[in-house]
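All remarks here apply to the structure that follows.
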Amino acid sequence: MNGWAIVLVAALATVNFTVGLAEPRGAIWDESYYLTSTERYSEGVAQFASHPPLGLMLIAAGDAVLRPNRNIDTRALGRDKQADGKTIPTGFSFAGVRLASGVFAVLGAVAFFALMYAVTGSTFTALAFSNFFIFENAFVTQFRAAHLDAFQVAFTVVALLCFVICVRRGQRRSPLWEAGLGVSCGLAMMVKLNAAVLILLCGMLIARRVAIGWAKAPPAQLLWVAGRDAAVMAGGCLLAMATVFAIHVRISARDIDPTSAAGRKDKPFVSEEYREYLQGTRPYSIGILWSAAQDYRQFMAADFSGTPLVDHNASNPLEWPLEHGTINYRWDSDGVRTAYVQLVGNRVSWILASLAPFAALGLLILQWRRPREASDPARRALMAMLLVEYAAFMVLHCYLGAHRVMYLYHYFIGLLIAFTLLALVFKEVMDRWPPLRRWETPALGGLTALLLVSFVFYSPLSFHRPMTYRQCELRNVFQHVVDCR
C-alpha cells in the first residue's frame, strides 16, 4: 500500500467532505437536536439523549476546536432538546458543529481504502473501489452535516478492516487486530446502538478459527483459544464503551436545570446517586458511572418506546438497497432557483451494491457445484461470512423497523458491507475466469468513470447548489429522488 495513494484518497475526501462546511446557513435535519447537546456540553451540564454520547461529544469537540461562535451568546440553545429558528442566534456559524463529522468522513475514506487494499491486495484496485466511499452522494450529504453517521461509519470501516486482516491470518494470533475489532465495535455502538450487529463479526472469527483447527488440535486447546480471543475482543469492546461513558460523565458534571425544557425531560431519569454527584456531595467513582449509565439507558429506552411508527420520510429496510426513501433535509429558494440538501445516493454505486450479495451467493454456490482451486482461499471465507453479516444486518433492521421509524441513512452499515462484498466478487471473478484479467484495468477505469458521472449528476442535491425547476426534474429521470419546487 503506497503512501501517495493514501494522500490522494485523503485529498479527494477532504474536498468532498470538509470544504465549505458553513453552508448552508441553517440547520440540516437532526442538526437542530445536536446544536442543543453541543451547547450543554460546552457548559458542562449533564444530559441524556436518544443515542449514546460518543457522537454528540465528537460534534461538541469539533465546535470547541473551531469556536466560530465565540462572540455570540448561544446559551439559549442548551435550554431545549431541539432548536428552532428563533433560538438559533443571528450570525450563527454551523462550521464548528459540522467539523468533526467532516474530519471523520475523511478518516473513514482513508480507512476504507485500507480495507479495499486488505481485500484486493492491489493499490490500484483499492483506489478504484475507494471511489465508492469518496464519491457516494449519500455520504457527502450526511457527513457534511453535524450528524452521527460519519463517526459510526468510520468505526465500522475500521471494524471491517480488522476483521478482514484477522481472517486472512487464519489461526495465527493477532491480538492487536482482535482488540482493534472489539474496540471499533464498541465505539460504533457508542455512536448508535444498531452497530451491535457488528459483534457477529467477532463470533464468526472465533468460529472459523475453531473450524480450521478442529481436525488438528484437541478440543481443550480449541476451547482455550476461543476463550482467549473472545476475551480480547470483548475486553476491547467493553473498555471502549466504558471509557466513552466515563468521559461523558466527567465533562458533564453540572447539575441539570429543572427550569429549562431540556432539564424537565432529563430530570425524571436522574437517580439519587447520580444527582448527589452532580450536586457535588458525592465524588466521581465507578459507582457513579454505573448509576449514570443506568439512568442514560432508561432515558433511551423511554425515548425508543415513544418513537412514532409513521413518518412521511421513513422507509422500509427491505427497500433500502433500491435507494427508496430519499429525504429532503432542507431547501432554499430565491423564487427562480432552488438549492436542496437531499439525501440521495450515487445511482451507480447503489445498483452495484444491491447486486453484490446475490453475486457473492451465486459464486459461492458455483464453487460448491463446480469446485475450483483459488489463489486466495480466504477470499471465499470472507464472502461467506460477510454475506451472513449482511443478512443479519437486514434482519435486525427489519425487526427495528417494525417497532419504530427507520430512515435511509440507517442502511449505511449494510451499504459498507455490500461495497466490501463487491470488491470480493470482483477479485473472485477475475480469479475464476483468467481470460477476463486482461480487461481488469479497463473495467476499473470504466467503473470509476461511471461513478464520477453519477456523482456529478446528483452533486447539486448533495452540495446545496441552486437549480431551476427543469434542472431539478432532470435528476428524477432514472428514479424519483426529489420533489422539485
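The values are calculated or read from the model by the stated rules, or taken from the named source; none is laboratory data. Note that the structure is predicted; figures quoted are calculated from it, not measured. Glycine gets a Cβ as well: all are built from the backbone with ideal geometry, and neighbour counts include every protein chain shown. Heads up: the accessible areas ignore ligands, DNA and RNA and are worked out on the full protein's heavy atoms, side chains in. Shrake-Rupley method; radii C 1.70, N 1.55, O 1.52, S 1.80 Å.
Worth pointing out:
- Counted without the sites themselves, the longest stretch of the chain free of chymotrypsin sites (Phe, Trp or Tyr not before Pro) in a DSSP loop having at most 13 other beta carbon atoms within 10 Å is 1-213.
- Probe 1.4 Å, protein heavy atoms only - accessible area per residue of the chain in square angstrom: 43
- Each of 118, 58, 94 was scored by the projection of its Cα onto the charge dipole of the stretch 32-171, and the greatest displacement toward the positive side belongs to 118; charges sit on the C-beta of Lys, Arg, Asp and Glu.
- DSSP beta bridge pairing in the chain, given as percent antiparallel to the nearest 5: 90
- With all protein chains modelled, accessible area of residue 376 [1.4 Å, Å²]: 30
- For the chain, the alpha carbon convex hull comes to 158 Å³ per residue, rounded to a whole number.
- Residues residue 469 and residue 238, FRET efficiency given R0 of 35 Å [Cβ-Cβ distance, rounded to 0.05]: 0.05
- Any cysteine of the chain lacking a neighbouring Cys Cβ under 4.7 Å - listed by number: 162, 166, 185, 202, 237, 398
- Measuring with a 1.4 angstrom probe and ignoring ligands and nucleic acids, residue 395 comes out at about 100 Å² accessible.
- For the stretch 85-149, trypsin sites (Lys or Arg not before Pro) are listed when DSSP marks them as loop and at most 10 other Cβ atoms sit within 10 Å of their Cβ; the list is 86.
- Partner lysines whose Cα lies under 21 Å from the Cα of residue 267, excluding those fewer than 8 positions away in the same chain, are identified as 81.
- Computed about its Cα centre, the charge dipole of the stretch 1-157 is approximately 220 debye, with only Lys, Arg, Asp and Glu carrying charge at their Cβ.
- Charging the Cβ of each Asp and Glu at -1 and of each Lys and Arg at +1, and nothing else, the dipole of the chain about its Cα centre rounds to 1160 debye.
- Per residue, the average separation of C-alpha pairs within less than 8 Å and at least 6 apart gives the chain a relative contact order of 18 percent.
- Ordering 468, 219, 18 by the projection of their Cα atoms onto the charge dipole of the chain, which places +1 on the Cβ of Lys and Arg and -1 on the Cβ of Asp and Glu, puts 219 at the extreme positive end.
- The chain - percent of accessible surface contributed by carbon and sulfur, probe 1.4 Å: 64
- Applying the Karplus relation 6.51 cos²θ - 1.76 cosθ + 1.60 with θ = phi - 60° to the stretch 212-218 yields 3J(HN,Hα) values of 5, x, 4, 8, 10, 10, x Hz, where x marks Gly and Pro.
- Charging the Cβ of each Asp and Glu at -1 and of each Lys and Arg at +1, and nothing else, the dipole of the stretch 1-93 about its Cα centre rounds to 140 debye.
- Taking 7 Å steps out from each Cα toward its Cβ at residue 313 and residue 276 produces label points 4.3 nm apart.
- What the phi angles of the stretch 389-396 give under the Karplus curve with 6.51, -1.76 and 1.60, with θ = phi - 60°, is a coupling list of 5, 5, 4, 5, 4, 5, 4, 4 Hz, glycine and proline written as x.
- Neighbour net charge for residue 16 - beta-carbon separation under 13 angstrom, K R +1, D E -1: 0
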